[in-house]
Amino acid sequence: MRPFTRHRGIAAPLLRINIDTDAIIPSREMKTVSKRGLSAGLFAGWRYLDAGSRTPDPSFVLNQDAHAGASILLGGANFGCGSSREHAVWALAEYGIRCIIAPSFGAIFANNCVRNGLLPLVLDDALVRQLAAQVVKNPQQAQLDIDLEHCQVLAPDGQAHSFSLAEGHRQMLLQGLDPIALTQQSQARIDQHLAQDRQARPWAYL
Amino acid sequence: MSGRSLFDKIWDRHQIETQADGSSLILIDRIFLHERTGAVALESLADAGRPVRHPEAVFCTMDHIVDTTAGRNDNTRMPSGKAFIQATRKAARAAGIRLFDLDDPQQGIAHVLSPELGIALPGLTLVCPDSHTCTLGGLGALAWGIGSTEAEHALATKTLRVHRPRNMRVHCAGTLPIGTTAKDLILHLIGRYGAGGGAGHALEFCGPAIRALDIEARLTLCNMAVEFSAFSGLVAPDEKTIDYLRGRDYAPQGPLWEAALADWSELHSDADARFDTEYQIDCSQLSPAVTWGTSPQHATTVAGQVPDPARCADAGGRSAMQRALNYMDLQPGQAMRELRIDAAFIGSCTNARLSDLRAAAAVLRGRKVAAGVRAICVPGSSTVKREAEAEGLDRIFTEAGFQWREAGCSMCFFAGGESMGYQERVISSTNRNFESRQGPQTRTHLASPATVAASAVFGRIGAASELSA
Ligand code: SF4
């Protein structure tokens, strides 16, 4: 997995609350049994005037030249709520998004992010709006600088804002860890637990 | 030391170790997959050369994109749907897991099968790459939705790394009035505290109103815990749970059943358990609910009105409400009862069990769907379908003018195949009213099966109580 240590990039504000994973990638855009080829369907319901012909909707933020090359999204509360589809994260990652800053996230979505090298970064609502206001004046110049090592976002106005992230998630991102390999290091402990548990709860085993 | 909650007890028993990073390694008792997200996980695991470690604890169904018309086969109306079905079949066979295939008499929606077959049990941990896995909390199982990558982890190791959620309790006092259901209760809760109201918490429902609910209603209640952003929902098991599970295919039998009962008798929150957040609801004050907007938190009552965004104190909420009004083509102050509908849908893991179909049929018996309304009923599983047919419910539905389908998720969501029409107004027993969830620009109103049936008869939103007996 691609590690996330520090990232500087162009941000795009999408400050709606409760942006659900159906909106991030509509189910009809999940066309193959694969994690790839999903970015064209990203935000398809909002991004295109007509999803069939892929005519871009000029009013959608990611279609605007000012935000071209955006790698950071600024979102509203409960970002990524709804369906557990990891395709939402795969689509964002393939599109080039590395970090989403929002007041809160859907829990499954946040888990999916860190397992794919995307940083779900929580800042309070007022601060997200403040960053958005700074960014929109000149998105290509007014970039955000995110430092996961020190858990800080450097805003275009030069101010640094701290954030926190569950340490497990932080380490996974910083080191690009493969959680399965990591867990398999505890295999002996797991097997021992299973053996004891089978004695204690025989009814729970098939 | 203070007592432990039901959630604490299940969690502690499954915690193998705590990690330096603050997460816990949690033993997973059962894993359920479906053809929409399961094939990706199984294939990716196989590509990495990792076997499924305990295949006997893994189940897979075909529910999301299968066709629900009679005589169905692998062909679906969703472009490339067939590829998902066949890839899942192949991967499931290769992994040696129990697959409820299209032609299996037990096929159905994952969260309908799990309780019905006794795959989910009180005190077990169960995960599925599907957000509505929390449904199974209605039996007292700790069940939650995960992504595909986490599913791979669970398949390869029978464990997951999870950060422990906090404890929340919703005390439901009083008695639900006749005609007001678990669906109305959960819509009310989300409407009152917001779609983010349960974030970061494992949520236990308790109180006399919950004890009075049958198991299927508890499953409905917990189904929508994720729409409240909770980690999961839980109801402590009781005699009803035991009666429900006894003799089910995968439930323990004989001495193992006795051992299970002994264990389950401990599965309740201690009197002095501590909760980080507590809410109270007086259920005797509730009435049939319906949503007006594009988030489950946009809930009101059938007798109520479309709210005015100007009255919303919070700016984010206000703009979301305005957006929802535009999308739904509504004006503040409109009576919900005046909204004409184009279609009615009874189905989904929320409300397509036998008791749901009975409730809808009780409304439809001897009545007709209003002219111009497309009405569809999709049983949650093939078993539910057979049981309903044995009672003659299918005839009540079809004589009223409803389509009677094969089991599956069907038009609960739009995957590019069959859908509700463009900008059509649909009353639906499902759980999500998101933009375009049921079809391109489709306008979904969530409600209980009885309210959906009554609305189908009226041709507008309405409650069953408005019909003369
Ligand atoms: S019925 Fe609907 S909500 Fe339930 S699992 Fe199927 S698609 Fe998801």
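Quote to one decimal, in nm, the extra length available between B:ARG93 and B:ARG77 on full extension: 0.36 nm per residue of separation minus the C-alpha distance between them.
Details: separation 16, 0.36 × 16 = 5.76 nm, distance 2.45 nm.
Taking B:ARG93 through B:ARG77 to full extension adds about 3.3 nm, to one decimal.
Can you sort B:ASP29, B:ASP101, B:ASP282 by how many other beta carbons sit within 10 Å, fewest first?
Neighbour counts put them in this order, fewest first: B:ASP282, B:ASP101, B:ASP29.
Take the Cα coordinates of the range B:376-459, assign each an equal point scatterer, and use the Debye formula without solvent to give log10 I(q)/I(0) at q = 0.16, 0.18 Å⁻¹.
At q = 0.16, 0.18 Å⁻¹ the computed log10 ratios are -0.64, -0.80.
What is the distance in Å between the Cα centres of the range B:256-308 and the range B:314-357?
Result: 20 Å between the Cα centres.
Hey, what did the range A:82-203 get for relative contact order, percent, Cα under 8 Å, at least 6 apart?
Values: 111 pairs, mean separation 21.1, N = 122.
Rounded, it is 17 percent for the range A:82-203.
Give me D for the range A:46-182 in µm² s⁻¹, whole number, from Stokes-Einstein with Rh from the Kirkwood sum over alpha-carbon pairs, 4 °C and 1.567 mPa s.
Details: Rh = 15.9 Å.
Answer, rounded: 81 µm²/s.
Could you give the dipole magnitude of the protein assembly as shown about its Cα centre, charging the beta-carbon of Lys and Arg +1 and that of Asp and Glu -1, in debye to the nearest 20?
Working: 66 positive and 70 negative charges, 193 e Å.
With only Lys, Arg, Asp and Glu charged at Cβ, the dipole is about 920 debye.
Need one word for the range B:65-187: rounded, prolate or oblate. Basis is the Cα gyration tensor (sqrt eigenvalues a ≥ b ≥ c); a/c below 1.5 gives rounded, then a/b vs b/c decides. Walk me through the numbers before you get to the answer.
On the way: a/c = 2.30, a/b = 1.37, b/c = 1.68.
Cα axes put the range B:65-187 in the oblate bin.
Within the range A:137-164, what residues put their amide N at less than 15 Å from the label point 7 Å along the Cα-to-Cβ vector of A:ALA66?
Label zone hits: A:137-143.
Taking 0.36 nm per residue of separation and subtracting the Cα-Cα distance, what length does fully extending A:ALA166 through A:ALA181 add?
Working: separation 15, 0.36 × 15 = 5.40 nm, distance 1.99 nm.
Stretched out fully, the A:ALA166 to A:ALA181 stretch lengthens by 3.4 nm.
Based on the Kirkwood radius over alpha-carbon pairs, what value in µm²/s does the Stokes-Einstein equation return for the translational diffusion coefficient of the range A:1-92 at 10 °C and 1.306 mPa s? Each step should come with its number before you reach the end.
Values: Rh = 14.0 Å.
This corresponds to a translational diffusion coefficient of 113 µm²/s.
Which of B:VAL226, B:VAL373 has the fewest other C-beta atoms within 10 Å, and how do the rest follow up to the most? Display every interim value, and only then the final one.
Numbers: B:VAL226 31, B:VAL373 22.
In order of increasing Cβ crowding within 10 Å: B:VAL373, B:VAL226.
Give me the dipole magnitude in Debye, nearest 20, for the range A:1-100 about the Cα centre, with unit charges on the beta carbon: positive for Lys and Arg, negative for Asp and Glu. Spell out each step's value before the answer.
Details: 12 positive and 8 negative charges, 80 e Å.
Dipole about the Cα centre, nearest 20: 380 debye.
How high is the relative contact order of the range B:1-58, in percent, with contacts defined as C-alpha pairs under 8 Å that are six or more residues apart? Show your work: numbers first, answer last.
Details: 26 pairs, mean separation 14.2, N = 58.
Across the range B:1-58, relative contact order equals 25 percent.
Please report A:THR183, B:THR291 as a ranked list, fewest other C-beta atoms within 10 angstrom at the top and most at the bottom.
Numbers: A:THR183 21, B:THR291 25.
Neighbour counts put them in this order, fewest first: A:THR183, B:THR291.
Out of the DSSP beta bridges found with both residues in the protein assembly as shown, what percent are antiparallel (nearest 5)?
Values: 25 of 81 bridges.
Taking every DSSP beta bridge with both residues in the protein assembly as shown, the antiparallel ones total about 30 percent.
Once the dipole of the range B:313-429 is set up with Lys and Arg at +1 and Asp and Glu at -1 on Cβ about the Cα centre, which of B:PRO332, B:MET321, B:ILE346 lies farthest towards its positive end?
Value: B:PRO332.
State which entries of A:LYS31/B:LYS158; B:LYS82/B:LYS158; A:LYS35/B:LYS90; A:LYS31/B:LYS90 exceed 20 angstrom in Cα-Cα distance in the structure shown.
Working: A:LYS31/B:LYS158 29 Å; B:LYS82/B:LYS158 29 Å; A:LYS35/B:LYS90 18 Å; A:LYS31/B:LYS90 18 Å.
Check vs 20 Å cut-off fails for A:LYS31/B:LYS158; B:LYS82/B:LYS158.
Which one, B:ALA230, B:ALA94, B:ALA375, is farthest towards the positive end of the dipole of chain B when Lys and Arg carry +1 and Asp and Glu -1 on their Cβ?
B:ALA375
Looking at chain B only, what percent of DSSP beta bridges run antiparallel? Nearest 5 please.
Of the beta bridges lying entirely in chain B, close to 25 percent run antiparallel.
With the Cα gyration tensor of the range A:1-41 giving a ≥ b ≥ c as the square roots of its eigenvalues, does the rule (a/c under 1.5 for rounded; else a/b larger than b/c for prolate; else oblate) give rounded, prolate or oblate?
Note, shape of the range A:1-41 comes out oblate.
Out of residues 5 or more away from A:PHE105 or on other chains, whose amide H comes under 5 Å of its own, with H placed 1.01 Å from N in the peptide plane?
Amide H neighbours of A:PHE105: A:ASN78, A:PHE79.
Considering the zone a paramagnetic label at B:GLU338 would reach in this model (a point 7 Å from Cα along the Cα-to-Cβ line), which residues of the range B:442-456 have amide N under 16 Å from it?
Zone members listed by number: none at all.
Projected onto the charge dipole of chain B (+1 at Lys/Arg Cβ, -1 at Asp/Glu Cβ, origin at the Cα centre), which of B:LEU117, B:THR220, B:SER410 gives the Cα projection farthest towards the positive end?
B:SER410
In the range A:1-103, what % of DSSP beta bridges are antiparallel (nearest 5)? Could the numbers behind the result be given before it?
On the way: 2 of 10 bridges.
Of all bridge pairs located within the range A:1-103, approximately 20 percent are antiparallel.
If you put +1 on each Lys and Arg Cβ and -1 on each Asp and Glu Cβ, how big is the dipole of the range B:83-186 around its Cα centre, in Debye rounded to 20?
Details: 10 positive and 8 negative charges, 86 e Å.
For the range B:83-186, the charge dipole is close to 420 debye.
Give the angle, between 0 and 90 degrees and rounded to the nearest 10, that separates the Cα long axis of helix A:125-137 from the longest principal axis of the Cα atoms of chain A.
Tilt of helix A:125-137: around 40 degrees.
Tell me whether the protein assembly as shown comes out rounded, prolate or oblate; compute the Cα gyration tensor, take square roots of the eigenvalues as a ≥ b ≥ c, and use a/c under 1.5 as the rounded threshold.
Values: a/c = 1.41, a/b = 1.09, b/c = 1.29.
Judged from the Cα gyration tensor, the protein assembly as shown comes out rounded (a/c under 1.5).
Quote the relative contact order of chain B in percent (integer), defining contacts as alpha-carbon pairs under 8 Å separated by 6+ residues.
Taking the mean separation of contacting Cα pairs over the length of chain B, I get 17 percent.
Excluding residues on the same chain fewer than 8 positions from B:LYS240, give the lysines whose Cα lies under 25 Å from its Cα.
Cross-link targets: B:LYS9, B:LYS183, B:LYS385.
Calculate, in nm to one decimal, what B:ALA259 and B:TYR327 gain on full extension: separation in residues at 0.36 nm each, minus their alpha carbon distance. Write out the running numbers ahead of the final one.
On the way: separation 68, 0.36 × 68 = 24.48 nm, distance 5.36 nm.
Gain on stretching B:ALA259 to B:TYR327: 19.1 nm.
Can you tell me the equivalent ellipsoid semi-axes for chain B? Use √(5λ) from the Cα gyration tensor, largest first, whole Å. Mind showing how you got there, number by number?
Working: eigenvalues 216, 145, 95 Å².
After diagonalising the Cα gyration tensor, the semi-axes are 33, 27, 22 Å.
Can you give the helix-only mean residue ellipticity at 222 nm for chain B, where every DSSP H stretch with n ≥ 4 adds -39500 (n - 2.57) and the sum goes over all residues, rounded to the nearest 500 deg cm²/dmol?
Details: 15 runs with 146 residues, N = 469.
Value at 222 nm, helices only, nearest 500: -9000 deg cm²/dmol.
Read the figures in this text as sums done on the coordinates, not as results from a lab. None of the values given here were measured: they were computed from a predicted structure. Ideal geometry is used to build each Cβ from the backbone, glycine not excepted, and the neighbour counts take in all protein chains shown.
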